[in-house]
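The values are calculated or read from the model by the stated rules, or taken from the named source; none is laboratory data. The structure displayed is predicted, hence computed values, not measured ones. Quick reminder, even Gly has a Cβ in these numbers, built from the backbone with ideal geometry, and neighbours come from all protein chains shown.
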Amino acid sequence: MIKGFYLLIPLMPCLLFTTDWLIARNSAQQGYSAHPQQGNSGNLLDILAGDARDLISQAMISKAESYYHGGITDHDDCQAITGGDQHHEDDHGQHLHQKHFLSRFDPWGYLNKHIHAEAHIHLDRDKTEELLPWYWAACEASPHNILAFEATSYALSTMLEQPQEAVLLLEKGIKHNPYNVSLEIARGEILIKHLKNYKEAESAFLAAYQKSLHEKAPADDMLKAKALFYLGYLAKRRNDLATLHRWQTLGKETMSPDLISIRNLLAIE
Amino acid sequence: MNHVIQLKALVRLSLLDLYRRKDLIVVAMLTLVVLVPMSFATPFGVKGASRYLNEIALLLVWIFMLVISMTRTARIIPTELESRTIYPLLSKPASRTLILLGRYAGVLMASLSVLLLFYTLYATINILKSAVFPWEVWLQALLLHAGFILLATSLAFLGSIFIHADANFSIIGIIVVSMLLYGQNIPVLIADQTPALRHLLKVIYWIAPHYEFFDVRTRLIHHWPAIPWLICCAAFAYAVIYSMICFGLAAWLFNRKKI
């Protein structure tokens, strides 16, 4: 039994690779999508996991979030302490214990409270790389998880100061989700804020605006308004007042003036 | 003195049995197959992430330790009975309780030796990779994990007296996983139940083995400060007392058993 088990270890990767290759080859020849929701990339994970990939991806995001909070899952975002070494045992996390049926004598609760970490902290900036494996896994698990791409690109550009990597990741996300508006906007924002590449940013916001008009894109006025605002802002930046007025008129005529981005766009002079 | 010699012989037998069967080599190979490719990964070209590796390594240690210790313990008595090797043991000038204690102590020692090996490897790799290592938390994690093994094996040992090994392993496995996941939240769950269910959950809360006391992986991985030693020792004492009760019950049942 043990000898047979040894054989399985080198055999398993070979078996998986061969299965993956055969399925990819077959589905490419047949021209069908093994999993229409996730798209057929010929990837074994696509075929085996299907929509479960979204769940896996969400779980990876949650894991990254718990890493940001020192490995703790139950937390809220009030009064956090930044700094890995400044662990502070506060009242946080005691919500659970307040509801105890045994408020006076509960030795097990007392032990649990002292054994398990309960303070609310945020990860040190210089340890942000610890989040990346989970973010990477989230993006790989489901290329259609927009939140994964947005959160990862934010961590890369803002926390790790690697905006080039963030843009590359967003481009990959856009390739997988060609009708998504928010990825284009996230790309444009990084190009403006971190790379100062205004020309590329303008093309990103233009693409976002055009996609927002496409029927396949989910209707989201906030994103459309945001794209319009940035287009107006960039036009103003290069003193192209005619274009600015064109975007302002478009915003005024087609969008609700209650949207903050539209108000900001109209305020540009 | 005679009892001690007999006990030592039985313990030695279990240790030899574990290391002879090469289970450890299989476990070590599986760990390497999982961890080595991961250790070379640099997501988005950024190096320096290590906590995810520590987390996966510790998860594997927990799973392997549970499987090794539980399968060994659950099979002690049923195997002896099936292969009829229990008869030469019972014919020795030793009480049934001593035989039971010897067999249990042997499996426990073997499991704890594997645990020590795993934790030493974990510490060695971490020391080689980073300058700072939380020794105190590591020591507490080791002690509490030993408590966990003590608790899990004692319950499996008690089960092995009257249930088949596979059923025993499955039942204890379910109890362990359930308590690890929900043990801490039982008081919160109780509040929303009907009175009858509330009483049942209260009984479960008081008597079920609280395996969740012993899981301090988060503290070790994310560099949280150490637990007060008094609390740590209290949790370990809980495991010792619980396992003593389980062993007492097992001995009582085994002495009454017709073989």
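Descriptive notes on the structure:
- Segments classed as helices (runs of 4 or more DSSP H), wholly inside the range B:15-108, with at least 3 members that are at pLDDT 85 or above: B:51-82
- Residue match in the range B:65-86 (condition: free of Cβ contacts under 8 Å to residues at least 24 places away in the same chain and surrounded by 17 or more Cβ atoms within 10 Å (Cβ to Cβ)): yes
- The conditions of being under 25 Å from B:L60 (Cα atoms) and either away from every other protein chain (no Cβ under 13 Å) or among the basic types (K, R) (or both) are not met by B:L144.
- Number of the exception - B:T120 against (1) under 25 Å from B:T73 (Cα atoms); (2) crowded, with 18+ Cβ neighbours inside 10 Å: (2)
- Scanning the range B:126-146 for residues that are over 13 Å from B:L220 (Cβ atoms) and β-branched (V, I, T) returns a single hit, B:I127.
- Hits in the range B:40-54 (condition: touching a Ser or Thr at 6+ places or on another chain (Cβ under 9 Å) and in contact (Cβ under 8 Å) with a residue 12 or more places away in the chain): B:S50, B:L53
- Count of residues meeting criterion [more than 10 Å from chain A (Cβ to nearest Cβ) and touching a residue at least 40 places away in the same chain (Cβ under 8 Å)] in the range B:55-64: 6
- Residue match in the range A:162-172 (condition: under 17 Å from the mean Cα position of the chain (by Cα), without any contact (Cβ under 8 Å) to a residue 24 or more places away in the chain and over 26 Å from A:L123 (Cα atoms)): yes
- Of all residues in the range B:123-132, those satisfying the criterion of being surrounded by 14 or more Cβ atoms within 10 Å (Cβ to Cβ) and modelled with pLDDT under 90 are B:I125, B:N126.
- Search result, residues across the range A:152-171 that are of a type in the set (G, A, S) and surrounded by fewer than 20 Cβ atoms within 10 Å (Cβ to Cβ): none
- Qualifying residue in the range A:117-132 (condition: within 11 Å of chain B (Cβ to nearest Cβ) and within 30 Å of A:Y209 (Cβ to Cβ)): no
- Test for A:R125: is it basic (K, R), more than 18 Å from A:E65 (Cα to Cα) and modelled with pLDDT under 90: no
- Any hit, the range A:255-267, residues being within 24 Å of A:K196 (Cα to Cα) and in a loop (DSSP other than H, G, I, E, B): no
- Qualifying residue in the range A:185-198 (condition: over 20 Å from B:G45 (Cβ atoms) and in contact with an Asp or Glu (Cβ under 6 Å, 6 or more places away or on another chain)): no
- When the range B:218-239 is limited to residues that are within 27 Å of B:I207 (Cα to Cα) and at the interface with chain A (Cβ under 7 Å from one of its Cβ atoms), the one that is nearest to the chain's Cα centre (by Cα) turns out to be B:A235.
- Applying the criterion of being closer than 30 Å to B:L32 by Cβ and among the polar types (S, T, N, Q) to the residues of the range B:87-117, the residue that is surrounded by the fewest Cβ atoms within 10 Å (Cβ to Cβ) is B:S113.
Yes or no, residue by residue, for (1) within 21 Å of B:L59 (Cβ to Cβ); (2) without any contact (Cβ under 8 Å) to a residue 60 or more places away in the chain; (3) touching a Leu at 6+ places or on another chain (Cβ under 9 Å):
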position: B:L139; (1), (2), (3): yes, yes, no
position: B:H164; (1), (2), (3): no, no, no
position: B:S170; (1), (2), (3): yes, yes, no
position: B:P187; (1), (2), (3): no, yes, yes
position: B:I207; (1), (2), (3): no, yes, no
position: B:D215; (1), (2), (3): yes, no, yes
position: B:I221; (1), (2), (3): yes, no, yes
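- Within the range B:5-34, residues that are touching a residue at least 24 places away in the same chain (Cβ under 8 Å) have Cβ atoms under 8 Å from residues that are among the basic types (K, R) in these pairs: B:Q6/B:K92; B:L10/B:R103; B:S14/B:R72; B:S14/B:R103; B:L18/B:R72, counting only partners at least 6 apart in sequence or on another chain.
- Residue identified as under 30 Å from A:P133 (Cα atoms) and either buried (at least 20 other Cβ atoms within 10 Å of the Cβ) or of a type in the set (S, T, Y) (or both) among A:N180, A:N197: A:N180
- Of the residues screened, B:P37 is one that is under 30 Å from A:P163 (Cβ atoms), out of contact with any strand residue (DSSP E or B) (no Cβ under 8 Å at 6 or more places or on another chain) and surrounded by fewer than 15 Cβ atoms within 10 Å (Cβ to Cβ).
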